[in-house]
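Student: Sharing a structure below in structure tokens format, with a few things to ask.
The values are calculated or read from the model by the stated rules, or taken from the named source; none is laboratory data. All figures in this text were calculated on a predicted structure; none of them were measured in a lab. Here Cβ is always computed from backbone atoms with ideal geometry, including for glycine, and neighbour counts include all displayed protein chains.
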Amino acid sequence: MNRPAIAFMEKGSGHVFQQSSICVFGLLCALFWFCLLYSPFGVFEGRTLWSSSLQISPNSNQSRIQESIPIPVVSHEPENVESESAVSPSKTPKVFPFMKTLRTIDNKSDPCGGRYIYVHDLPSRFNEDMVKECGSINRFINMCKFIKNSGLGPPLENSEGVFSDNGWYATNQFTLDVIFRNRMKQYKCLTNDSSMAAAIFVPFYAGFDASRYLWGYNTSVRDAASLDLVDWLQNRDEWKVMNGKDHFLVGGRITWDFRRLSNNDTDWGNKFLFLPASKNMSVLLIESSPFNSNDFAIPYPTYFHPSKDSDVFTWQNRMMKLDRKWLFCFAGAPRPGNPKSIRSLLIDQCKNSNSGKLLECGNDESKCHSPSNIMKMFQRSVFCLQPPGDSYTRRSAFDSILAGCIPVFFHPASFYTQYTWHLPKKYTKYSIFIPEDDIRRNISIEQRLGQIDSETVKMMRKEVVDLIPRLIYADPRSRLESLKDAFDVSVEAVINKVTKLRRDLVAGRRNNGGFIEELSWKYALLEEDEEEETVDVHEWDPFFSKPKQQT
């Protein structure tokens, strides 16, 4: 029964050989075309990519080659192209939840691209309830009248013509919590979508909270609201995106009110700035610590809060044209309890000079509590002395600049290392620096200032007057058009800080890798293009050296 098959095989033996030859030839052809297609080129998902290893001799028949090579498709969509990082798991690019925000920066059609602010809707106990209980904010002063008019206080009378017609208020130096929050309500680029936010604002009245418990309360009471706040924040999805490093808030007091070192009831202030969560946030205060990196100084509020640009221009022109009777002046009181204070020495020099003017601010003296008296003296003086008071800084420095009076500082932490977002790096353009030790050696202020020629004084006054818009807070109920006020400068600086951090994270760069926190004051003085590693010995090192422990 197998015979026919055998016969067929015998009969077809020649055909088998022929068919085998055809098969071999077919395999060779297939191999040839496989090599031709896959050797110089790679085909992925129907897209032909040019091989960088392909080299063409100048003597080859290029026209023929070009006819046989498909035109490579150039893709501008990197997410569809298999790259080395896509193949290697260790190089897979990370996806961050804030990428949407970074993309808005390049959206030129959106005027708010890269500038959106998301504001937390805090429970009222963190802000509005404190305002309702304004009588208890300060033990010595009833703050209720100063919270009126969005935190500006009552309007100032202008019977002596010291002020201009509009925008002047009896503003308390510790109401920045309210002023800043109300300015934020007028910010052009607010968003309800936190994923679009360049930064996140926390409207906690940190200054009011610290102030109401400074005297007569134990540490548990003083710390309660701070602990409550960070607990509330850490349970929010917005916080978890960057662990709070994109958050910022304002405390209208000096840094030392938030830096209690122990849990002893006799120690000053609360410990808000020492909380781990607070260290991640940017905290804006009227005075920062030179030795810490989580707080940033922004200007004290002054008496002037313009509602339109023309109010500022009118005031600037007036300050440039004033005749100034006194070479220098000082408004303040001595600090007999502080042996390091130079205030008594300055007061003596003012009293003994025919070119100096003094406005004494003793306990029974009310002249210093009159904005009109203070501004009048500053307007009539060429230079205004600004020594440290109970802390490094004082509101008077901003009042003097507002009056077109060139400030004279005696410690770099009184101004230069504080308000670096708002000031030129070259402090000699707008101020005079006389080290405290020079005063202790009885250097004559009158002689030192009298050596400055009139042309230099004129240029310095121009610099001072030009600074005014950046150092004042516009009326929160309105908005300046072409000018940036202290609020605008502060928000812009926070956004830049957060954006840089985000870009560093995306690029895999270490942020603050070699950062030494105790040298924070030095980093603040660096130019934008300077690296942190360039921090070196500085002429102001003696001012910031911590006292050695006594043995």
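Student: Can you pull out every residue in the range 333-356 that is touching a Gly at 6+ places or on another chain (Cβ under 7 Å), closer than 12 Å to LEU385 by Cα and not charged (D, E, K, R)?
Tutor: Result: GLN349, CYS350.
Student: Sticking with this one: Which ones in the range 236-251 are of a type in the set (Asp, Glu) and either surrounded by fewer than 23 Cβ atoms within 10 Å (Cβ to Cβ) or over 21 Å from GLU492 (Cβ atoms) (or both)? Write out each step before concluding.
Tutor: Just the residues of the range 236-251 that are of a type in the set (Asp, Glu), to begin with: 237-238, 246.
Correct list: ASP237, GLU238.
Student: Please enumerate the residues belonging to the range 291-319 that are over 20 Å from ALA206 (Cβ atoms) and either in a loop (DSSP other than H, G, I, E, B) or in contact with a helix residue (DSSP H, G or I) (Cβ under 8 Å, 6 or more places away or on another chain) (or both). Break it down into steps so the answer makes sense when it comes.
Tutor: Within the range 291-319, the subset over 20 Å from ALA206 (Cβ atoms) is 302-319.
Listed by number, the residues that qualify are THR302, TYR303, PHE304, HIS305, PRO306, SER307, LYS308, VAL312, TRP315, GLN316, MET319.
Student: If I go through the range 291-332 residue by residue, how many of them are surrounded by fewer than 17 Cβ atoms within 10 Å (Cβ to Cβ), out of contact with any Ser or Thr (no Cβ under 8 Å at 6 or more places or on another chain) and of a type outside the set (S, T, N, Q)?
Tutor: Of the residues in the range 291-332, 5 are surrounded by fewer than 17 Cβ atoms within 10 Å (Cβ to Cβ), out of contact with any Ser or Thr (no Cβ under 8 Å at 6 or more places or on another chain) and of a type outside the set (S, T, N, Q).
Student: Can you find a residue that is at pLDDT below 95, part of a loop (DSSP other than H, G, I, E, B) and among the acidic types (Asp, Glu) anywhere in the range 380-392?
Tutor: Looking through the range 380-392, at least one residue is at pLDDT below 95, part of a loop (DSSP other than H, G, I, E, B) and among the acidic types (Asp, Glu).
Listed here are the residues, each with its yes/no results for (1) surrounded by 17 or more Cβ atoms within 10 Å (Cβ to Cβ); (2) of a type outside the set (Val, Ile, Thr); (3) without any contact (Cβ under 8 Å) to a residue 12 or more places away in the chain.
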position: LYS100; (1), (2), (3): no, yes, no
position: ILE105; (1), (2), (3): no, no, no
position: CYS112; (1), (2), (3): no, yes, no
position: ILE117; (1), (2), (3): yes, no, no
position: ASN127; (1), (2), (3): yes, yes, no
position: ILE137; (1), (2), (3): yes, no, no
position: PHE146; (1), (2), (3): yes, yes, no
position: SER150; (1), (2), (3): yes, yes, no
position: PHE163; (1), (2), (3): yes, yes, no
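Student: I'd like to know if the range 320-333 contains one or more residues that are within 31 Å of the chain's Cα centre (by Cα) and not in a strand (DSSP E or B).
Tutor: Yes.
Student: Can you list the helices (runs of 4 or more DSSP H) found entirely within the range 181-280 that contain at least 1 residues being closer than 26 Å to ILE137 by Cβ and of a type in the set (Val, Ile, Thr)? Show your work before the answer.
Tutor: Values: elements: 206-212, 219-234, 237-242, 276-280.
Those helices (runs of 4 or more DSSP H) span 219-234.
Student: Return the residue satisfying two criteria in turn: it lies in the range 161-173 and is assigned to a loop (DSSP other than H, G, I, E, B) and closer than 16 Å to MET319 by Cβ, and of such residues it is farthest from the chain's Cα centre (by Cα). I'd like the intermediate steps shown before the answer.
Tutor: Step one: filter the range 161-173 for residues assigned to a loop (DSSP other than H, G, I, E, B), giving 161-167, 170-173.
Next, from what is left, pick out any that are closer than 16 Å to MET319 by Cβ: 161-167.
Numbers: GLY161: 37, VAL162: 34, PHE163: 32, SER164: 32, ASP165: 33, ASN166: 30, GLY167: 27 Å.
Among them, the one singled out is GLY161.
Student: Look through the range 272-290, keep the residues that are over 20 Å from VAL491 (Cα atoms) and of a type outside the set (A, V, I, L, M), and return whichever of them is surrounded by the most Cβ atoms within 10 Å (Cβ to Cβ).
Tutor: Among those that are over 20 Å from VAL491 (Cα atoms) and of a type outside the set (A, V, I, L, M), it is PHE272.
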